[in-house]
Amino acid sequence: MEYIAADSHEICTIDDAKRGLARREFFFVYQPKLRLQEGRLSGFESLLRWRHPSRGVLTPNSFIALVEDSPLTESFTNFVVAEAAQTLADWSARGYNTLSLAVNLPASEIGQPGLAKKLSALLNTHSINASRLQIELTESTDPGSIEALASAVESLKESGVSVAIDDFGAGCWSLTNLHRLGVDTLKLDRKFMHDIQDNENSKIVVETLVHLGQRLGMRVVVEGVETQAQFAWVSTIEHIDCQGYYISAPIGHEQIDDFVAKHGLIR
Ligand code: G
Ligand code: MN
């Protein structure tokens, strides 16, 4: 069967993606997260790329809709978590022991039976402290019930990994579910940053959401910081991490050392 990828004029098939996985055409790029008060790196978010043999390097927009809820989803999850564990092991070998790595998984995938156990085993094999891995729960076409999701989050947290709600405030994640999910990290959707340029009220919304998350015991990450003005403003908010093109676009693994040298790691 053929599927049309979301942002593409060409056709991408499940078989094509399956072949790509087998041929190791998928890889990570990494976008840094800065802990603002310390001005140091707290970690990176991994973002998937597909070095397609005829179409060049594709971003998830071109293939993730095709993979999600297909028979390939689990293979992708396995690939992503294995790659993340390998990356964390590489970082440990270089002495970057405080550096965390986030992976994006659709909410529908974290209910996969045995995922928490699988992660524990994987991280153990590499002698990695589980708290250095973060799962970002991205929206999913069918996240299922909040109760089921909350129980999956609980299992993950019991295994020691960190769990974040991704893109909060723009999609299906509702305010009523914020505390019910039991995540430890809240990532505010980048649209909020876009708005603060010309709307004072959206600053109030961001500040209030940050405080709300913090009062619920979560670490808050502000995404989509693109300009000096936005960076200056978010720097006035206490105890947050921030991410966005102003700090850096996603970088390749070969650029990580330079980035760490330039910014330093949190303790
Ligand atoms: O939804 P999630 O937070 O996982 O989004 C990550 C995506 O957002 C990546 O594709 C990344 O390239 C993009 N992104 C990261 N920082 C910025 C930014 O400052 N502005 C915009 N417009 N997109 C960004
Ligand atoms: Mn994300």
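The values are calculated or read from the model by the stated rules, or taken from the named source; none is laboratory data. Keep in mind that this is a model prediction, so the values were computed, not measured. Neighbour counts run over all protein chains shown; Cβ positions are idealised from the backbone, glycine included. SASA here: full protein model, heavy atoms, side chains in, ligands and nucleic acids out. Shrake-Rupley method; radii C 1.70, N 1.55, O 1.52, S 1.80 Å.
I'd like the FRET efficiency for Asn61 and Asp15, computed as 1/(1 + (r/R0)^6) with the beta carbon distance as r and R0 of 22 Å, rounded to 0.05.
The computed FRET efficiency comes out at 0.65.
Please give me the summed charge of the neighbours of Leu21: other residues whose Cβ is under 14 Å from its Cβ, Lys and Arg +1, Asp and Glu -1.
+1
Find how much the distance from Arg267 to Ser202 grows on full extension, using 0.36 nm per residue of separation minus their present alpha carbon separation; answer in nm with one decimal.
Result for the pair: 20.1 nm of gain on full extension.
Work from the charge dipole of the chain (Cβ charges, +1 for Lys and Arg, -1 for Asp and Glu, about the Cα centre) and give the residue of Leu88, Leu149, Gly252 farthest towards its positive end.
It is Leu88.
Count the lysine pairs in the chain whose Cα atoms lie under 30 Å apart, taking only pairs 8 or more positions apart in sequence or on different chains.
Qualifying lysine pairs in the chain: 20.
Express as a percent, rounded to the nearest 5, the fraction of DSSP beta bridges in the chain (both residues included) that run antiparallel.
If we restrict to bridges inside the chain, about 45 percent are antiparallel.
Given R₀ = 30 Å, what would the calculated FRET efficiency be for Ala249 paired with Ser54, taking r from the Cβ atoms and rounding to 0.05?
0.75
Quick check: the angle from helix 73-93's long axis to the longest principal axis of the chain, C-alpha only, nearest 10 degrees?
The angle comes out at about 60 degrees.
Roughly how many debye, to the nearest 20, is the charge dipole of the chain about its Cα centre, given +1 on each Lys and Arg Cβ, -1 on each Asp and Glu Cβ, and no other charges?
Using only the charged Cβ atoms, the result is roughly 840 debye.
Can you give me the angle between helix 200-215 and the longest principal axis of the chain, using Cα atoms only, in degrees from 0 to 90, rounded to the nearest 10?
It works out to around 80 degrees.
Sum up the charges of everything whose Cβ sits under 13 Å from the Cβ of Glu254, counting Lys and Arg as +1 and Asp and Glu as -1, but leave Glu254 out.
That works out to -2.
Taking the Cβ of Val220 as the center, what net charge do the other residues with Cβ under 14 Å away carry, scoring Lys and Arg +1 and Asp and Glu -1?
So the environment of Val220 carries a net charge of -3.
Answer with one residue from Met193, Leu216, Cys242: the one whose Cα lies farthest towards the positive end of the charge dipole of segment 161-267, charges on Cβ with Lys, Arg +1 and Asp, Glu -1.
Leu216
With every protein chain in place, what's the accessible area of Trp50 (1.4 Å probe, Å², nearest 10)?
0
In degrees from 0 to 90, rounded to the nearest 10, what is the angle of the helix 115-125 Cα long axis to the longest principal axis of the chain?
Value to nearest ten degrees: 90.
Under unit Cβ charges (Lys, Arg +1; Asp, Glu -1), what dipole magnitude, rounded to 20 debye, does segment 21-66 have relative to its Cα centre?
140
Hey, what does the equivalent ellipsoid look like for segment 124-185, semi-axes from the Cα gyration tensor as sqrt of 5 times each eigenvalue, largest first, whole Å?
After scaling each eigenvalue by five and taking roots: 23, 12, 10 Å.
What's the carbon and sulfur percent of segment 28-158's accessible surface, probe 1.4 angstrom, rounded to a whole number?
Its accessible area is 49 percent carbon and sulfur atoms.
Highest mean first, how do 20-26, 219-225, 34-40, 165-171 rank when packing is the count of other Cβ atoms within 10 Å averaged over residues?
Averaged packing, sorted descending, gives the order 219-225, 165-171, 34-40, 20-26.
Let me spell out the model: positive unit charges on the Cβ of Lys and Arg, negative unit charges on the Cβ of Asp and Glu, origin at the Cα centre of segment 105-247. What dipole size does that give, in debye rounded to 20?
My answer is approximately 480 debye.
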